[in-house]
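**Q** Shown below is the structure under consideration.
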Amino acid sequence: MQEKKAGLNNAEFWSGRFTEPVAEIVKRYTASVFFDNRLAEVDIRGSLAHAKMLAAVGVLSADDLAAIERGMEEILQEIRAGRFEWLLDLEDVHLNIERRLTEKVGDAGKRLHTGRSRNDQVATDVRLYVRDAIDHNLQQLKDVQKAFLALAEAHADTVMPGFTHLQVAQPVSFGHHMLAYFEMMKRDAERFADCRKRVNRLPLGAAALAGTTYPIDREMVARELGFDGVCENSLDAVSDRDFAIEYCAAASLLMTHLSRLSEELILWMTPRFGFIKLSDRFCTGSSIMPQKKNPDVPELIRGKTGRSNGNLISLLTLMKGQPLAYNKDNQEDKEPLFDSIDTVRDTLAIVADMLTGITVNADAMRAAASQGFATATDLADYLVKKGVAFRDAHEIVALAVRHAEQQGCDLNDLSLDVLKGFSAVIAADVYNVLTLEGSLASRNHIGGTAPEQVRATVARARKALG
Ligand code: ARG
């Protein structure tokens, strides 16, 4: 972005009291235009609603309103075409646009700021911007959820080891594992939707901090801008950024979930696991080791989660010491917030695509599930169902596992005679529960890994997603 001097001084907006121009370094230090100009479109939306309301209550003439609307339309085109000149001298997005409007339409432009302050203006802009981001994120989350459901359906019967402590614990299906992430995404979507309720309140009308003396109609502005209602205290309206903090918190939880997924994808891709392959478009090579295919994208998702957490802490810390009402500290809310918004947007787009590019190596998953005595709990449950107390069953199975380990085989490789040696209640039907399929199928309740349940969950979830 070009920074250009036009012989202007931002002091022209408040010049009467000022006897010397602001120092160059101070100008740079206090300016936000080079990062807040992404608010331009919402700023114009807010200004148009404000002007319309001023005209409706008789504070602005119909001619002035028409001039403002025409000027703003031209400005919008200039911005979209990249022709708008953002000037550091004009400090921020609000003053840049207002100044350009006045250049275009004269006095009508100077009247736009009646009954308003940059304090309620910026709070409104940021809320509109976050609301748009949430609406987009919710669409994207749906795509990610659908991708998890597709994998779950395709792999309802694909056996893999379930882990605790990263040690083989019990067999699950890959589909069931994918549904775990589906649940996390579902809660993330709920969190964003819930955050939206508190984002979607109108600050305009609060003016600098105390309200305004003009006969404004805040409800009208709220309706115009699609807000659910107005902020009911002017001091709070201009000063709190809790809604931005909430967005960043929801973003961090989402990123945390996707970081856990990334960690698993990275592990599963290593030759030691060999559970999955990721499409080449999500991997990169090494400049020195020709054999390498690195999971850069999941690694970056994991890495960017750290940034996202940092943004949340930045905003919390920004807020904690501020007395009411507005303080310039709040200008610092934008970069962390925007960074989280960008990170979430790009990460969700990438994850939705990446999930469709996963190839599953069912044989490797199955082999791993067969190695870790994954059906030991099933054997214990079998004994309990035949009348053995659970603690005794636990001990019997531990001895059987030790024996199999010494023999270098799995539990279902032990002969019936050998198994009977550990407990007399064991009969030929024991092999039904010692197989991986038997183990999965027997966990047939809502939330369990049985293929039937996984398919039913997918069907329910699809219906709910619409
Ligand atoms: N650029 C400022 C911000 O982001 C706009 C509000 C400035 N208000 C003021 N009283 N200095 O917060």
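The values are calculated or read from the model by the stated rules, or taken from the named source; none is laboratory data. Predicted model, so just to flag it, every value in this text is computed and none were measured. Don't worry about glycine lacking a Cβ; one is built from the backbone with ideal geometry, like all the others, and counts go over all protein chains shown. The accessibility values were calculated without ligands, DNA or RNA, using every heavy atom of the protein model including side chains. Shrake-Rupley method; radii C 1.70, N 1.55, O 1.52, S 1.80 Å.
**Q** Quick one: would you say THR347 is open to solvent by 10 Å² or more (accessible area, probe 1.4 Å), in contact with a helix residue (DSSP H, G or I) (Cβ under 8 Å, 6 or more places away or on another chain), modelled with pLDDT of 95 or more and of a type in the set (Ser, Thr, Tyr)?
**A** no
**Q** Output the residues belonging to segment 64-94 that are more than 16 Å from the ligand (Cβ to nearest atom), in contact with a helix residue (DSSP H, G or I) (Cβ under 7 Å, 6 or more places away or on another chain) and in a loop (DSSP other than H, G, I, E, B).
**A** The one that is more than 16 Å from the ligand (Cβ to nearest atom), in contact with a helix residue (DSSP H, G or I) (Cβ under 7 Å, 6 or more places away or on another chain) and in a loop (DSSP other than H, G, I, E, B): PHE84.
**Q** Can ASP329 be described as among the charged types (D, E, K, R), under 23 Å from LEU141 (Cα atoms) and out of contact with any His (no Cβ under 7 Å at 6 or more places or on another chain)? Spell out how you get there, then give the answer.
**A** Values: among the charged types (D, E, K, R): yes; under 23 Å from LEU141 (Cα atoms): no; out of contact with any His (no Cβ under 7 Å at 6 or more places or on another chain): yes.
When the stated conditions are applied, ASP329 does not pass them.
Rundown of residues vs (1) of a type in the set (A, V, I, L, M); (2) touching a strand residue (DSSP E or B) at 6+ places or on another chain (Cβ under 7 Å), yes/no style:
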{"site": "ALA369", "(1), (2)": "yes, yes"}
{"site": "PHE373", "(1), (2)": "no, no"}
{"site": "ASP378", "(1), (2)": "no, no"}
{"site": "LYS386", "(1), (2)": "no, no"}
{"site": "PHE390", "(1), (2)": "no, no"}
{"site": "ALA393", "(1), (2)": "yes, no"}
{"site": "LEU416", "(1), (2)": "yes, no"}
{"site": "ALA427", "(1), (2)": "yes, no"}
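**Q** Taking interchain pairs and intrachain pairs at least six residues apart, which have beta carbon atoms under 7 angstrom, with the first residue in segment 108-122 and farther than 7 Å from ALA207 by Cα and the second in a helix (DSSP H, G or I) and within 15 Å of the ligand (Cβ to nearest atom)?
**A** Correct list of pairs: GLY109/GLU98; LEU112/SER47; LEU112/GLU98; HIS113/GLU98; ARG118/HIS94; GLN121/GLY46; GLN121/HIS94; VAL122/HIS94.
**Q** Now, a different point. Only residues that are touching a Pro at 6+ places or on another chain (Cβ under 8 Å) and free of Cβ contacts under 8 Å to residues at least 60 places away in the same chain: list them for segment 237-264, please. Step through it out loud before you land on a result.
**A** So in segment 237-264, the residues touching a Pro at 6+ places or on another chain (Cβ under 8 Å) come out as 237-238, 248, 261-263.
Within segment 237-264, SER262, GLU263 qualify.
**Q** Are any residues in segment 368-416 open to solvent by less than 40 Å² (accessible area, probe 1.4 Å), β-branched (Val, Ile, Thr) and modelled with pLDDT of 95 or more, and if so, which ones? Walk me through it before giving the result.
**A** At the first step, the residues of segment 368-416 found to be open to solvent by less than 40 Å² (accessible area, probe 1.4 Å) are 368-369, 372-376, 378-380, 382-383, 388, 393, 396-397, 400-401, 404, 409-411, 414.
Filter again for β-branched (Val, Ile, Thr), leaving 375, 388, 396-397, 401.
Those that are open to solvent by less than 40 Å² (accessible area, probe 1.4 Å), β-branched (Val, Ile, Thr) and modelled with pLDDT of 95 or more: VAL388, ILE396, VAL397, VAL401.
**Q** (1) within 16 Å of the ligand (Cβ to nearest atom); (2) in contact with a Lys or Arg (Cβ under 9 Å, 6 or more places away or on another chain); (3) among the hydroxyl-bearing types (Ser, Thr, Tyr); (4) over 16 Å from LYS104 (Cβ atoms): which one isn't true of SER61, the others all being true?
**A** For SER61, the failing item is (1).
**Q** Do you know which of the residues in segment 16-49 that are away from the ligand (no atom under 15 Å from the Cβ) and assigned to a helix (DSSP H, G or I) is surrounded by the most Cβ atoms within 10 Å (Cβ to Cβ)?
**A** ALA49
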